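The values are calculated or read from the model by the stated rules, or taken from the named source; none is laboratory data. No experiment lies behind these values; they were computed from the predicted model shown. As a convention, Cβ positions derive from the backbone with ideal geometry for all residues, glycine included, and neighbour counts pool all protein chains shown. Ligands, DNA and RNA are excluded from the accessible area calculation, which covers all protein heavy atoms including side chains. Shrake-Rupley method; radii C 1.70, N 1.55, O 1.52, S 1.80 Å.
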Amino acid sequence: MVGSIAESSSDSLNRTRAVKSCLEGLHNSDYRISLANAALPSGKTKDARAWMSAALMYQYGCWSALKNANDTQLVNQTMSFVNSLTELSSNALSMVASYDDYGDDMSTWAPPKTERDGFWGRGFDGGSELWSRGGFPSKLTVDVKVCNEGRDGCYKTVQEAVNAAPDLGVKWFVIHIMAGVYEETVRVPLEKNNVVFLGDGMGKTVITGSLNVGLKGFTTYDSATVGVVGDGFMAKGITFQNTAGVDAHQAVAFRSLSDRSVIENCEFLGNQDTLYAHSLRQFYKSCRIQGNVDFIFGNSASIFQDCHILIAPRQANPEKGEKNALTAHSRRDPAQSTGFVFQNCSMNGTEEYMRLYKSNPKVHKNFLGRPWKEYSRTVFIRCNMEQLIAPQGWLEWDSDAGLKTLFYGEFENTGAGSELSQRVPWSSRIPAEHVNTYSVQNFIQGQDWIPTN
């Protein structure tokens, strides 16, 4: 049906763009469902749940794309079919979630519940070992190099090096991106598994672009300077940047749909929508993330450990005041195993922003997050929050949308911005006996895939 829309869309940029987005989403959804089907008979319910969570998200994305091009009867019919598909997938995901939560005792099966219902799921008990699971591997063999000069044996662009990686590779394909500024758009497609970007350090190896939604034919998804889909992606020692500027609205520096992805000692620079942690399981360690409006967003299950989160100015006339949200998580189904977890991170502003903030703190408000979708989930655990975080802590998206179903939790945070006495009533304090729900091992099954040496 989408193909039929494509055949009749040469005269419509909106439909052409919607078709491209929808087809990619359906392809990714089909792939993740096939993985879930293969995982379930062997009891890998957490993997199946992660993959079905992503499959459902991609179907929603297809429907949303078509909604923006809803100008023909065929588009209407296709949207109706995709809507039915999402309902079936949601039901299937709920059954997987019930098995994950309750096991094979079908007498206890129930519609999916969340922390707001007092349900914390099953997981491993333990201490610090649940949280510390290594990170980027220490010993790697470089397969190819990238350098600005394009010398013999050295690719000139990062994309050329990615293209050289084997399809469906089972071993790490290590690309050493040497110090320099690479102005290009990079895509790591679904078939390029286990691709590794090894840079020479933040601020030394820089991949930069300026695509944004203000340009004709570009969506937030398309605007990413670097976009990754292939599973097992890893990166270290790189700055990912989008220089579109404060007036360009959505402009992504890095987007990831890569399951079991490890990013360490990397920097993400932008303004609105800097880091699109789109879907599946991701682990960010010792990274620096800078932006202003919803600058960490998406519907992945991501853990940010030992990261520095920095707010930057976003207005041409900043003296008028502004509201910034660090995060915008977009879980829209209670059975999806997704959420953002910040552990041992710091929340502050850039030097430029702090000068602005201190000049008139009453008009500059910064919040930990706001609900992009109704089951948004974000937690902060043992983080340091500086004074620029508003006492209310969290911000509404659209009136009371999601306020009864989201879960925003805090546990043992420090700093002037961590005081809980004035927090909004729809946020929560995580009970000590349940904090390990959000550990690397329980939340993203990191013990199965994060390197330990």
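Answer with yes or no whether SER138 is open to solvent by 30 Å² or more (accessible area, probe 1.4 Å) and modelled with pLDDT under 85. No, not satisfied. Is it fair to say LEU310 is modelled with pLDDT of 95 or more and hydrophobic (A, V, I, L, M, F, W, C)? In short, yes. Here segment 149-165 is the region considered, the condition is being small (Gly, Ala, Ser) and over 27 Å from the mean Cα position of the chain (by Cα), and the residue that is most open to solvent (accessible area, probe 1.4 Å) is GLY153. When you look at ARG187, is it closer than 18 Å to ILE296 by Cβ and of a type in the set (Lys, Arg), yes or no? So ARG187 fails the test. Out of contact with any Ser or Thr (no Cβ under 9 Å at 6 or more places or on another chain), open to solvent by 30 Å² or more (accessible area, probe 1.4 Å) and touching a residue at least 60 places away in the same chain (Cβ under 8 Å): is that true of LYS362 in this structure? So LYS362 does not fit the description; no. Contact map, segment 320-334: first residue closer than 10 Å to ARG370 by Cα, second residue surrounded by fewer than 21 Cβ atoms within 10 Å (Cβ to Cβ) and modelled with pLDDT under 90, Cβ cut-off under 8 Å, separation 6 or more or different chains; pairs are ASN324/ARG314. Looking at VAL196, VAL181, VAL146, just one residue is open to solvent by less than 30 Å² (accessible area, probe 1.4 Å) and more than 28 Å from LYS20 (Cα to Cα), and that residue is VAL146. All of ASP273, ASP333 fail the test of being more than 28 Å from SER98 (Cα to Cα), assigned to a loop (DSSP other than H, G, I, E, B) and touching a Phe, Trp or Tyr at 6+ places or on another chain (Cβ under 8 Å), apart from ASP273. Pairs meeting the criteria (first residue in segment 370-383 and free of Cβ contacts under 8 Å to residues at least 60 places away in the same chain, second residue in a loop (DSSP other than H, G, I, E, B) and of a type in the set (Val, Ile, Thr), beta carbons under 6 Å, at least 6 apart or on different chains) are GLU374/THR405. For GLU410, are the conditions met, namely being open to solvent by less than 70 Å² (accessible area, probe 1.4 Å), under 30 Å from MET57 (Cβ atoms) and either in a loop (DSSP other than H, G, I, E, B) or touching a residue at least 24 places away in the same chain (Cβ under 8 Å) (or both)? Spelling it out, GLU410 is indeed open to solvent by less than 70 Å² (accessible area, probe 1.4 Å), under 30 Å from MET57 (Cβ atoms) and either in a loop (DSSP other than H, G, I, E, B) or touching a residue at least 24 places away in the same chain (Cβ under 8 Å) (or both).
So which residues in segment 233-249 are assigned to a loop (DSSP other than H, G, I, E, B) and within 15 Å of the chain's Cα centre (by Cα)? Result: PHE233, single match. Within segment 414-426, restricting attention to residues that are open to solvent by 30 Å² or more (accessible area, probe 1.4 Å), polar (S, T, N, Q) and out of contact with any Pro (no Cβ under 6 Å at 6 or more places or on another chain), the residue that is nearest to PRO391 (Cα to Cα) is SER421. Screening ASP30 on (1) free of Cβ contacts under 8 Å to residues at least 60 places away in the same chain; (2) open to solvent by less than 50 Å² (accessible area, probe 1.4 Å); (3) not β-branched (Val, Ile, Thr) shows it passes everything except condition (2). Report yes if some residue within segment 337-345 is over 19 Å from HIS434 (Cβ atoms) and touching a Gly at 6+ places or on another chain (Cβ under 8 Å); otherwise report no. Taking every residue of segment 337-345 in turn, none turns out to be over 19 Å from HIS434 (Cβ atoms) and touching a Gly at 6+ places or on another chain (Cβ under 8 Å). Return yes when ASP259 is touching a residue at least 60 places away in the same chain (Cβ under 8 Å), surrounded by fewer than 24 Cβ atoms within 10 Å (Cβ to Cβ) and acidic (Asp, Glu) and no when it is not. For ASP259, the condition - touching a residue at least 60 places away in the same chain (Cβ under 8 Å), surrounded by fewer than 24 Cβ atoms within 10 Å (Cβ to Cβ) and acidic (Asp, Glu) - is not met. Restricting attention to segment 365-375, does a residue exist that is of a type in the set (Asp, Glu) and within 21 Å of SER279 (Cβ to Cβ)? Yes, the conditions are met somewhere in segment 365-375.
The set of residues from segment 174-222 being among the small types (Gly, Ala, Ser), over 19 Å from MET234 (Cα atoms) and at pLDDT 95 or above comprises GLY180, GLY209, SER210. On inspection, SER21 qualifies as closer than 21 Å to ASP222 by Cα, of a type in the set (S, T, N, Q) and touching a residue at least 12 places away in the same chain (Cβ under 8 Å). Here the condition is being under 20 Å from GLY230 (Cα atoms), open to solvent by less than 10 Å² (accessible area, probe 1.4 Å), among the aromatic types (Phe, Trp, Tyr) and over 10 Å from the mean Cα position of the chain (by Cα); of PHE268, PHE304, PHE342, it holds for PHE268 alone. Which of the residues spanning segment 33-66 are without any contact (Cβ under 8 Å) to a residue 40 or more places away in the chain, part of a helix (DSSP H, G or I) and not hydrophobic (A, V, I, L, M, F, W, C)? Listed by number, the residues that qualify are SER34, ASN37, PRO41, SER42, GLN59, SER64. The residues listed here are SER64, SER42, SER53; of these, the one that is polar (S, T, N, Q) and open to solvent by less than 10 Å² (accessible area, probe 1.4 Å) is SER53.
Here segment 374-401 is the region considered, the condition is being small (Gly, Ala, Ser) and buried (at least 21 other Cβ atoms within 10 Å of the Cβ), and the residue that is farthest from the chain's Cα centre (by Cα) is GLY393. Does TYR353 fit the bill of being part of a loop (DSSP other than H, G, I, E, B) and either touching a strand residue (DSSP E or B) at 6+ places or on another chain (Cβ under 6 Å) or buried (at least 21 other Cβ atoms within 10 Å of the Cβ) (or both)? Here the answer is no, as TYR353 does not meet what is asked. Of everything in segment 427-444, what is open to solvent by 20 Å² or more (accessible area, probe 1.4 Å), more than 22 Å from LEU388 (Cβ to Cβ) and assigned to a loop (DSSP other than H, G, I, E, B)? Give them in sequence order. The one that is open to solvent by 20 Å² or more (accessible area, probe 1.4 Å), more than 22 Å from LEU388 (Cβ to Cβ) and assigned to a loop (DSSP other than H, G, I, E, B): PRO431.
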